[in-house]
1. Given Cα pairs under 8 Å that are at least 6 residues apart, what percent is the relative contact order of the stretch 21-107?
2. So what does the Cα-only Debye profile of the stretch 21-107 read at q = 0.12, 0.16, 0.17, 0.21 Å⁻¹, as log10 I(q)/I(0), no solvent term?
3. Full extension from residue 45 to residue 80: what is 0.36 nm times the residue separation minus their Cα-Cα distance, to one decimal in nm?
4. At residue 15 and residue 28, where each label point lies 7 Å from the Cα along Cα→Cβ, what is the point-to-point distance in nanometres?
5. So, in Å, what gap is there between the alpha-carbon centers of the stretch 27-64 and the stretch 75-101?
6. Taking only Cα atoms of the stretch 53-101, what ratio of Rg to Rh do you get with Rh as the Kirkwood inverse-distance radius?
């Protein structure tokens, strides 16, 4: 008897084109402190894995955050085997909204900002 093996391939992630970016989605994506932290980190590096960006958060939460960032057009995620590489879509964002992300990232993080962890303890 010959056993057959099933190989499961991950579907490639869907990413909007630059003309599909909307300010509403971008601002919504950046309104969460965890997602803003991911974008700030990606602005400092060429690429980062999901594990490098999780900040100790649960995998399910990070999957949600990355989906929101991808849907907004802020992040491109590429699967390379079991690793997912994330890059900031700065060129695409500058094509659609010149200078927007640069202006947002130029703002220093607020020390008095209510983080998600702190919000739950209030």
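1. Values: 81 pairs, mean separation 26.9, N = 87.
Answer for the stretch 21-107 is 31 percent.
2. The Cα Debye sum returns log10 ratios of -0.31, -0.57, -0.64, -0.99.
3. Numbers: separation 35, 0.36 × 35 = 12.60 nm, distance 1.80 nm.
Stretched out fully, the residue 45 to residue 80 stretch lengthens by 10.8 nm.
4. Going from the residue 15 label point to the residue 28 one covers 2.1 nm.
5. Comparing the Cα centres of the stretch 27-64 and the stretch 75-101, I get a distance of 12 Å.
6. 1.03
Here, each number is a calculation from the coordinates, and none is a lab measurement. None of the values given here were measured: they were computed from a predicted structure. Neighbour counts are summed over all protein chains in view; Cβ atoms, including those assigned to glycine, are modelled from backbone coordinates with ideal geometry.
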